[in-house]
Every structure is written in C-alpha cells, then in structure tokens.
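Below you'll find the structure, written out as structure tokens, and then a few comments.
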Amino acid sequence: MSNLQPYLDKLATLDFKAMYEGDFFLTWEKTDDEIAATFAVADALRALREKNISTKIFDSGLGISLFRDNSTRTRFSFASACNLLGLEVQDLDEGKSQIAHGETVRETANMISFMADVIGIRDDMYIGKGNRYMHDVVDAVTEGHKDGVLEQKPTLVNLQCDIDHPTQCMADMLHIIHEFGGVENLKGKKVAMTWAYSPSYGKPLSVPQGVSGLFTRFGMDVVLAHPEGYDIMPEVEEVAQKNAAANGSSFTKVTSMEEAFRDADIVYPKSWAPFAAMERRTDLYGKGDDAGIRALEKELLAQNANHKDWTCTEDMMKKTKEGRALYLHCLPADITGISCEEGEVDASVFDRYRVPLYKQASFKPYIIAAMIFLAKVKDPVRTLNALQEASAPRRSF
Amino acid sequence: MSNLQPYLDKLATLDFKAMYEGDFFLTWEKTDDEIAATFAVADALRALREKNISTKIFDSGLGISLFRDNSTRTRFSFASACNLLGLEVQDLDEGKSQIAHGETVRETANMISFMADVIGIRDDMYIGKGNRYMHDVVDAVTEGHKDGVLEQKPTLVNLQCDIDHPTQCMADMLHIIHEFGGVENLKGKKVAMTWAYSPSYGKPLSVPQGVSGLFTRFGMDVVLAHPEGYDIMPEVEEVAQKNAAANGSSFTKVTSMEEAFRDADIVYPKSWAPFAAMERRTDLYGKGDDAGIRALEKELLAQNANHKDWTCTEDMMKKTKEGRALYLHCLPADITGISCEEGEVDASVFDRYRVPLYKQASFKPYIIAAMIFLAKVKDPVRTLNALQEASAPRRSF
Amino acid sequence: MSNLQPYLDKLATLDFKAMYEGDFFLTWEKTDDEIAATFAVADALRALREKNISTKIFDSGLGISLFRDNSTRTRFSFASACNLLGLEVQDLDEGKSQIAHGETVRETANMISFMADVIGIRDDMYIGKGNRYMHDVVDAVTEGHKDGVLEQKPTLVNLQCDIDHPTQCMADMLHIIHEFGGVENLKGKKVAMTWAYSPSYGKPLSVPQGVSGLFTRFGMDVVLAHPEGYDIMPEVEEVAQKNAAANGSSFTKVTSMEEAFRDADIVYPKSWAPFAAMERRTDLYGKGDDAGIRALEKELLAQNANHKDWTCTEDMMKKTKEGRALYLHCLPADITGISCEEGEVDASVFDRYRVPLYKQASFKPYIIAAMIFLAKVKDPVRTLNALQEASAPRRSF
C-alpha cells in the first residue's frame, strides 16, 4: 500500500480545473494552485511507481517528441514520463521527415497528431522563435480538433523554449522542496541564480529565466547575478519582480557573483548567452549570414573569457550560508579540470553535490508525467485513488 | 457503446478470407470485396477508437518499418496503426544497420522478423526496384516460416513502392466515400487526376498510378491528364482500362489540365516525373553515373518549367462541377507563393480545402491498421464484436 | 497448454540465485548452473511465445540500448527481448545526445536510468575499453541506487564488448544443444573455431574469444586455428584452458585450418583482427593519429591478403566428420562471389547451411530475454509457472 493520502489531501485544497485539456508553456502562466497541483501529482506518481503500482492510464496512444536541439536527459525524461502513463514515444526527426521539404507548421502539427495524446517540444535556439513555434503547433491542433480533423487536441509540454524551461525549473523546485522539508520552509531563503563562465558560447537563457520566473513565487529572495551585458529578457525580469512583490519577497539584480553567494541558501551558477547577442544571432540565422554568425561567436567567446572569475569555487561556496548552500545545476555542468580547463564549477564542489544533483534531475520525468496527467485526466484525485486501489503491479513478479 | 453494426453487416456480405495471412502490395491484386472489407474495418476501428474503446489485439509484438525515402505522414501513420493494435514500432534504419555492409535481403528479412508481426516498407525511388524488393522480403520470410526459422510469417504492408501507393490511395478513396455520403453515390462522378507543375523534380509516380488503378473500380470516370512525355507506367494504364471496362466507367488520357477539370467532381492535381525519365535515372544510379544523374536532373527541371501553366488556380477550379469539385492532394503540396514561387496549386484554393485535405490524411492510420487486422485476424467480425463487447477503455480515466 | 515442465524441472536442479539483481558481462563469470539456467529460461520463454502465451512481466518500463558500433541483428534481438517482456526500447543515440558534449559516463548512466529496468550496450571497437565502459556504467547505477538517486539498479546486458559476445555465443551454444539433441550429447565433440579470410579488416575478436571461453565448458574439444599473428587475448586462452581441464576436454591451438577442420563436428570459420593490432589501433585512436590508423589499416589488409586460402570451401567441409559438420556463423558472413570476391565461405557451403544459420540467430532474442528475466525475477520458476497458468494470449484473436 502506497501512501498517497498527503498528496490527495493537498490536491483537495487546490483549484486546478483549468489545467484539464490545457498545455504547459510557461510556469508564470499557471496559478499558484496549478503549480502546487503539479508538484502533488508528481510526488503521487513517484510514490505509486516506487511501490510497484502501475500508473498506466493509457492502454495505447502516442507521445510525440520533437527536439530541435541536442538532449539526453530531457529526451529520456519525456520518454520515461510517457512510458509511465502508457504512451509510446514517436520521435519527429526533422532530418528524416518532410519538414526538410519546407512544410508548414500547421500542416505537420496535424499530420503527426492523428493518434497523439501529447506533444513534447524542445526549441530553445532562437530568441522569439521557440515559444512562438509551440503556440503555432497548439493553435494548429486546436483548430484541427475543432474542425473534426483530430479526434482530440493533444497536450503540449514545453520541453525548453527560448523563454522558459518549465520541466527543468519545476523539477529544480520540487527538489528544493524535498531538500528543505516542505514548501513552508522556503520563506526568506536566499537564492543566487548567477551567471558562470563556460568555454562554450550561446547556452540558452531558459534556465536563468525559468528560475527567476518560478522561484520568486515561493517567498524566496532571488538574486540574479551576471556580468554587465549578460541580461536576460526584460519581460521575464518583470514577471520576477511582480512575483516577488506578490509574495513578500524580493528579486534583485547584481553584477557580482560574490554578492549573490553571500549567505545564500541555494546557489545556481550556470553559463548563458547575453539576450541581446542571442537576438542578433537569430537575425543572422534568418538572413543566412554565416560570416556574421562566425564573427558573433568569436566576439561572444572573447567576451566570456573576460569573466573567468565567475566560477563556483570552494572559496565562493564558503561565502554561502554556513558554507553549505544547496548547489543546483541543470546538468551537464562545465567542470573545471574535468570537462574543460576552466568552467562553471570546481571539481571538488561538483563532486560533493553529485548525489543531490542527480536527485534534482530525477524529478523531471515525474514533473512531465504530472503535466500530462493534469492536462488529460478530468478528475485527477479520483484517478490517483483508483490507481492506488487497483494496485496493479508494474512488475508482476 | 460504439455503433459497429453497419460495418459488421457490410463485412458479413463480403468474401475476404484470402486476406488472412496475406500481404498488401497493390490494390489491383485485391478483389472488390477485399477492398470493401478494408474500408469497413478501417471505419470500424475508427469508430471504436473514437468511443475510447481499446483495439489492442496484440499484447506485445513488433511492427518493423523500413523507409528508403523521407517520410513524415506515412511514418506516423504506420506508427499510429501499430500502436492502435498493440504493436511496438522498431525502425530498420539502414544507416545504422549492417545492410550498409552489403547484406542480402533474404538474410536481413529473416534477421529482423523473429518477433515481427508486420513489416511496412517505403521504397519508391527506383522504377522496377521498390515493389520487387518488397516481394523479395515477403518471399524470404515466407520461406523462413516454412523452414521453421520464423514462428510466423510477418505481414507486409506496402507503404509506397514504384508502382502503387496503396495506403495513400485507399485513404483518399475512403475520404471520397465519406465526402460523397457512400460508395453508392460515386457512379458516374468525374475524377481529374492531373499532372501539375512543381519546381522539384523526380516525384514518385505511385500516386497517379495508384489513383488510376483504384478509382476506376468505383464506377467513376477517371481522366488522367499530363503534358506530352509525362506518361505513367503502361501496365498501370492497362489495369485502369480493364477496371473501367468492368465497372461501366471510363479511363481517358488527355494532354490538357483544363479539359480534365471541366465538370470534374474530384480533382487531384499533383506533380510527378515522367516514367521513362525515372527508368533512365534508375539505370544511371545502377551504373553510379553521377554526372549523368545531374544532367538528367537539369533536363527534367527544364522540361518541367515548360509547363508552369499546369497549376490549380482559382480559374481552373471554376471549370469544375459547379466550381466546387473536391480537391485532393497526398500532401505536402507545392503551394504557389507559400512553399515555392510557382507550384501545383494557388494558396487560396489550397487554403479553402485545408480541412478536407487534413481529413483525407486522417484515414491513413486506419487504412494501415485495417490492412494489418485483415492479414492477422482469422475472423475479423468476431474479433471486432469481441472488442466492442469488452469495451476496454483506451484511456482509463 | 505449453509444455514448460522439462525446463522447470531442469531449473529446479540448478543454483542460480546469484543472478538475481545481477548483470551479464562475460560467460566465464557465470557458473555452469547459471549458464544452464539461462538456456532453460530461454527455451521456456520460447515455448510460451510459440503457444501464444504472453510473457509480459513488465506492464511498463524501459530497456535502454546503446550501440557504439553498427548492428542489425543484435539491435533487433534486444528490441525483441524487451518487447517480449513488456519493456519499451529507448535508444541512447550518442549523436543526438549530450554525450557529444563531453559528459561523464557516471552522470549519463544515472540520467538515462530513472525508469530503466535494463541497459544493453554494444561497445566492441577498442581493446581494453568496451568491457571497462560497461563496468563503469554498472558501477555508476549501483552507486546511484545505493544513494537513493535510482529507484532500482538497472540490469546490464553485454551486447558485445572487446572481450566477449555473450548473447551471440550463448545463442550459438543453445543452437548446438538443439541440433545435437541435448547437452549430454556434446561430450567429445570436436569444434573448429577458425580464422577465415575477409577483405575487410578490424573485425572484433569477441566471437572467437567468446566461443573459446564458452564451448570448452561442455566437454567439447575446441581447436582454435589461425595464421601466425592472429592471436586472441591471452587471458581468454587461459580461461579456455582452465575450462577444458575442468571438463575433461581440450583447448588446442593450431595454425592450419585444415587441421582444425579434420573430423570436426562443428566448424565456425570467421575473420577477426589480430589482438596486438587492435591494441595498436586503440592507442592510435587515443592519440587521434589518423595517418597511423590509415597505415595500420593498409598493413592489416595486406597481412590478411596473405591468407586467402583460409576459407571454408566445399573441399574443406569434406574433411569434417562425415563431411557433415555443423557450420556456424554469427552473420553476416563474407561469402565468396556473393558479398565479396573472395571471402570466409563458399556460396554453396553457405547456402546449404542457410536454414540452420538462421535458426542459430533465432535464439538470440530469447537468450537476451532470459538474461533479463533471471536478473529481474526473484523466483523464476514460480513466475514461469504463473505465466503458463494465466495463459494470457499474446494475440487475442
């Protein structure tokens, strides 16, 4: 017998009706109750799985995945989430498909959706494009369903766009909640979301933006730190400000890693590309200006190299609360002396936090499954109860 | 409760015993009853799915797919069909496999089939090769089964060969039947299967050939229109002639799009490559004559460019029956001003028919599932009845 | 009703408790009882499948596959085995994944394993690396499980490493057992594991090594034949010697194919690369010395070409016991006049043994499934009995 009761009790207090038949684009488009419901369902599904109770709510059906950027962990997390619920993953590989032939989004979205229950998309490369593309897909399948082309509207899960990385940041947050022993213990905690040096360039902005937009909702004081010129999207900063104001906390910007780390309870040092540079890159790609792209890359690498001191050393960690802040990373990290000469974090720091880092990652499959569950299941409490009562074994031996 | 009765009643009147343990290569190798049975089972499976009734007749098993040409919609249709019936798709990716090492068809066919229930193949690039290859595969697995190597003979579904595109044309036809309110309403209808200009070259002949070979069986007058020199395979024209004769209808060839469109009830304007040129290309590939292939490509593109007036404009559509013919396309279409400068169809025409076009495509997964169902299930009526009575939910929530 | 009784009776006499929650790296790390148990479970699963009885012991779960070398048959065998037991395959494609970004094995192993029940790896290219890599993966997931990162430790199945090819050699052996009517009939039989000429270079050593290490355990006299300089790993020869001594049989090395074939009951002529050359290649790759690799390739091809007389001709076959030895090959073979000008075997010999060769290959999916079954199921006899009693149909029609 699993113990779902705390999660079911929690869900009973929340209003998340609007998630039914919805999609998951950005965390700040969801209410506090909806965010809390996602965490509760993720925990409940994990509790069932860990008790060897099947959570297959689909007997068949497809989960379509479309990765427009490399991915290991998000790809496997999506595949795991689909499998957990009974969906088979079908990859839309643009290399193999006729999208290469210049097909429109509207058409492709319908063509892949005749038996799709879920579509997961990662499209984080170009500012102003990824989230837009996801909306185009949802608009297309919504219309397709209305027109009688599709039996149902598949649910979209944003697996990382140019604006947010909701499955990552929600997994990060659920990890924090578990590490701190409950959401009620987060009030007043200081989070340092800081830029860190990496020898690669052009890393997406979706993690610092996602953290700014989500962590500010939990009464935590979020400090966003980066060198001059590494700004994130201004509209996300506005979201963070509003969240902080509404939750009696703060969202501060500083240009010193040290200042951010001072007395921090949680640190998230990670490289990203300047927002303005990413906009320029998007324009250059649009024009097919390869020389311009190469010149920009050179310029950005040189700019990064001016900030090699932005790195999470042991000394830096000592400045955090009791020298024991919770270190977060979305992985893979650029580890000094391991994966690169000079990088985001010292090997000894990374190594000390390896187990919690892996646990942080382990929440992502359940977060994705919860997003799907809440979009597909009309009465999640009843269905979770039914799964628990049936107690069909996942491994029947 | 779904309403399968009309389909079950229909099936009761048909003789399709020979489909059991068979394969699906070309529509004209099937009797009228077998074609009708495929439509009835496709409709029945769709009715069950749309009522959330599981159609999983396999608890495990593999559907092998082998795409020797790019594909989005057929790939997803095959994956959907397999999933609908409970089979997991396993792609044979020739890049990743040892086929690249010069392995024989006979051997590979057996090696991939130890737990295969179905094999779906797309091999449409070379005249005289694709259909032959599929037969080689079926011969190999038939022998493998007879020799005790394979527990069963997997069923082949032709997902497009050099001669026919049965899953496409059957989906097209089922769409027509639904649009016209029943097969009994098709008698005397005029179909214009016409060539149309496209800036790309070397598009397969399997759609015009498949339409000629299938639509002529329904009492419809099929007009095949193309510029001089864009002939389809003569043996398929013969099939079409015979079908027309047997069904009191006609199969006519003209060299004017306008003539074909005049008073047509259905139009299918689509680019294809001249049969004779495709034979030359196959020879050049056989010899590895890259310069010859490039020269041929140039020649064909120039030849195509002489016929830019073969395009489905609003004016052209006005010539059809009441200006309201049903416009068909297998997708993706080359849309003037959208996917190319000048193409097969005007954007406004395409846009007006978008919903029916998507519906046309939506039949393909069910057609493929029906082909598999009829080849694997000994008593389809009994099994459909059993599925309906069990009414196991596909989504159990 | 299937007849599992003989297999269940056999299992009752064996001690294979240590396989539970274990992994399968090398056959010689398993006891005789464990090898025998693997064969019994493979036969039992096949008996159930052939009686249309479902062997799905997982209702959901993932089988991760990682192929660091091309593969058709092992890939499909792994996919088949997973499907047979209810697991969905998720490929880790290093091209698509962030491994390309220099990620550590330890991290990736955990990141792909959150819902993995099994990991199958093929890594046979570099001497001293493949088996090592597999151990690194297992160490990582074992630690991950201990640390509470992973709900369970996934089971590793070695799908071919630099040392052994256990799924192949176990399938080969089970084929021999069936061909000779039982393991008790193998005592004193002569096996010729011989090198054969191939126009390609650098074929893995894992098959001759695996055969030497496994076949010597069955009371058979194994003769390893190769030209001077084509030695296998000395530590595997030691294993073979010890096995032979313990089983009252022999392991002999000769430098004449003819001598090996004389009066042989079983012949396995197959090309491989010299162990020492493969070590050199591994070093060259480590240094990124492309010129060195090309020079080595040239040298090896020239060396191979000195031994074109090492080929399985009709005359050679006549020297075997009554001219009717059982011919084995792991496939694909280099067939003279078919897949190459001069190769490992005459076309007429190969053709005569085609059916047994395909049967040989047909055991691999069941061997892999048995390895998984024994690692995951606590009481295999009880679970096999339960599957038989439930007799849930695989195809429910």
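The values are calculated or read from the model by the stated rules, or taken from the named source; none is laboratory data. What you see is a predicted model, and the numbers here were worked out from it, not measured in a lab. No Cβ is skipped: glycine too gets one built from the backbone with ideal geometry, and neighbour counts run over all protein chains shown.
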### Query
Considering only segment C:357-370, how many residues are under 15 Å from C:L159 (Cβ atoms), in a helix (DSSP H, G or I) and out of contact with any strand residue (DSSP E or B) (no Cβ under 7 Å at 6 or more places or on another chain)?
7
### Summary
Scanning segment A:356-371 for residues that are within 14 Å of chain C (Cβ to nearest Cβ), out of contact with any Lys or Arg (no Cβ under 6 Å at 6 or more places or on another chain) and closer than 22 Å to A:T31 by Cα gives A:F363, A:K364, A:P365, A:I367, A:I368, A:A369
### Query
Among the residues of segment A:261-285, how many are small (G, A, S), under 21 Å from A:P204 (Cα atoms) and in contact with a strand residue (DSSP E or B) (Cβ under 7 Å, 6 or more places away or on another chain)?
1
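Let's see how each residue does on (1) crowded, with 21+ Cβ neighbours inside 10 Å; (2) facing chain B (nearest Cβ under 9 Å):
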| site | (1), (2) |
| --- | --- |
| A:A44 | yes, no |
| A:S71 | no, no |
| A:G86 | yes, yes |
| A:T104 | no, yes |
### Query
Based on what the data block shows, is B:P332 within 12 Å of chain A (Cβ to nearest Cβ), surrounded by fewer than 24 Cβ atoms within 10 Å (Cβ to Cβ) and touching a strand residue (DSSP E or B) at 6+ places or on another chain (Cβ under 9 Å)?
no
### Query
Can you find even one residue in segment A:303-315 that is within 11 Å of chain C (Cβ to nearest Cβ), touching a residue at least 24 places away in the same chain (Cβ under 8 Å) and either in contact with a Ser or Thr (Cβ under 8 Å, 6 or more places away or on another chain) or within 27 Å of A:L85 (Cα to Cα) (or both)?
no
### Message
Please go through (1) closer than 16 Å to B:L84 by Cα; (2) surrounded by fewer than 20 Cβ atoms within 10 Å (Cβ to Cβ) for B:T31 and return the number of the only condition it doesn't satisfy.
### Response
(1)
### Task
Please tell me if A:M125 is surrounded by fewer than 24 Cβ atoms within 10 Å (Cβ to Cβ) and either part of a strand (DSSP E or B) or within 17 Å of the chain's Cα centre (by Cα) (or both).
yes
### Query
Does C:A140 fit the bill of being among the small types (G, A, S) and farther than 12 Å from C:I64 by Cα?
yes
#### Entry: Criterion violated by A:A264 - all others in (1) part of a loop (DSSP other than H, G, I, E, B); (2) over 23 Å from the mean Cα position of the chain (by Cα); (3) more than 29 Å from A:G128 (Cα to Cα) satisfied
(2)
### Query
For A:Y327, are the conditions met, namely being of a type in the set (F, W, Y), more than 9 Å from every other protein chain (Cβ to nearest Cβ) and closer than 26 Å to A:H165 by Cα?
yes
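Per-residue answers, yes or no, for (1) under 24 Å from C:S54 (Cβ atoms); (2) within 17 Å of the chain's Cα centre (by Cα):
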{"site": "B:L62", "(1), (2)": "yes, no"}
{"site": "B:F67", "(1), (2)": "no, yes"}
{"site": "B:N70", "(1), (2)": "no, yes"}
{"site": "B:R75", "(1), (2)": "no, yes"}
{"site": "B:N83", "(1), (2)": "yes, no"}
{"site": "B:V89", "(1), (2)": "yes, no"}
{"site": "B:E94", "(1), (2)": "no, no"}
{"site": "B:D139", "(1), (2)": "no, no"}
### Query
Taking B:K359, is it basic (K, R) and buried (at least 24 other Cβ atoms within 10 Å of the Cβ)?
no
### Message
If I filter segment A:308-320 down to residues being of a type outside the set (A, V, I, L, M) and under 26 Å from the mean Cα position of the chain (by Cα), which single residue comes out as surrounded by the fewest Cβ atoms within 10 Å (Cβ to Cβ)?
### Response
A:T313
### Query
For segment C:375-397, what are the residues that are within 16 Å of C:N83 (Cα to Cα) and more than 14 Å from chain B (Cβ to nearest Cβ)?
C:K376
### Task
Would you mention how many residues in segment C:141-182 are among the small types (G, A, S), part of a helix (DSSP H, G or I) and either farther than 30 Å from A:K359 by Cα or modelled with pLDDT under 95 (or both)?
1
### Selection status of C:K319, touching a helix residue (DSSP H, G or I) at 6+ places or on another chain (Cβ under 9 Å) and within 10 Å of another protein chain (Cβ to nearest Cβ)
no
### Top-ranked residue of segment A:242-293 - restricted to ones that are of a type in the set (S, T, Y) and more than 21 Å from A:H307 (Cα to Cα), ranked as surrounded by the most Cβ atoms within 10 Å (Cβ to Cβ)
A:S249
### Query
So, in segment A:22-60, of the ones that are of a type outside the set (A, V, I, L, M) and in a strand (DSSP E or B), which residue ends up farthest from the chain's Cα centre (by Cα)?
A:F58
### Message
Can you say whether C:G337 is modelled with pLDDT of 95 or more and within 14 Å of another protein chain (Cβ to nearest Cβ), as far as the supplied structure shows?
### Response
no
### Query
Restricting the first residue to segment B:150-161 and requiring it to be under 22 Å from C:Y366 (Cβ atoms), which pairs with a second residue that is in a strand (DSSP E or B) and of a type in the set (D, E) meet a Cβ separation below 9 Å and a spacing of at least six or different chains?
B:Q152/B:D117; B:P154/B:D117
### Query
Based on what the data block shows, is A:D136 over 23 Å from A:V267 (Cα atoms), part of a helix (DSSP H, G or I) and among the acidic types (D, E)?
yes
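So that you can scan it fast, the table gives a plain yes or no per residue for (1) out of contact with any Cys (no Cβ under 9 Å at 6 or more places or on another chain); (2) closer than 19 Å to A:K364 by Cβ:
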{"site": "A:T194", "(1), (2)": "no, no"}
{"site": "A:Y197", "(1), (2)": "yes, no"}
{"site": "A:K203", "(1), (2)": "yes, yes"}
{"site": "A:G210", "(1), (2)": "no, yes"}
{"site": "A:L214", "(1), (2)": "no, yes"}
{"site": "A:F218", "(1), (2)": "yes, yes"}
### Message
Against the definition (touching a Leu at 6+ places or on another chain (Cβ under 9 Å), at pLDDT below 95 and farther than 18 Å from A:M317 by Cβ), how does A:P204 come out, yes or no?
### Response
no
### Query
Do we have any residue at all in segment B:178-195 that's over 30 Å from C:A79 (Cα atoms), within 14 Å of another protein chain (Cβ to nearest Cβ) and among the polar types (S, T, N, Q)?
no
### Query
Just wondering, is there one or more residues in segment B:113-133 that are of a type in the set (G, A, S) and free of Cβ contacts under 8 Å to residues at least 12 places away in the same chain?
no
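Each row is one residue, and each column tells you yes or no for (1) in the same structural domain as C:F39 (by TED's automatic domain parsing); (2) surrounded by fewer than 17 Cβ atoms within 10 Å (Cβ to Cβ); (3) part of a helix (DSSP H, G or I); (4) at pLDDT below 95.
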position: C:E342; (1), (2), (3), (4): no, yes, no, no
position: C:S348; (1), (2), (3), (4): no, yes, yes, no
position: C:V355; (1), (2), (3), (4): no, yes, yes, no
position: C:I372; (1), (2), (3), (4): yes, no, yes, no
position: C:K378; (1), (2), (3), (4): yes, yes, no, no
position: C:V381; (1), (2), (3), (4): yes, no, yes, no
position: C:A386; (1), (2), (3), (4): yes, yes, yes, no
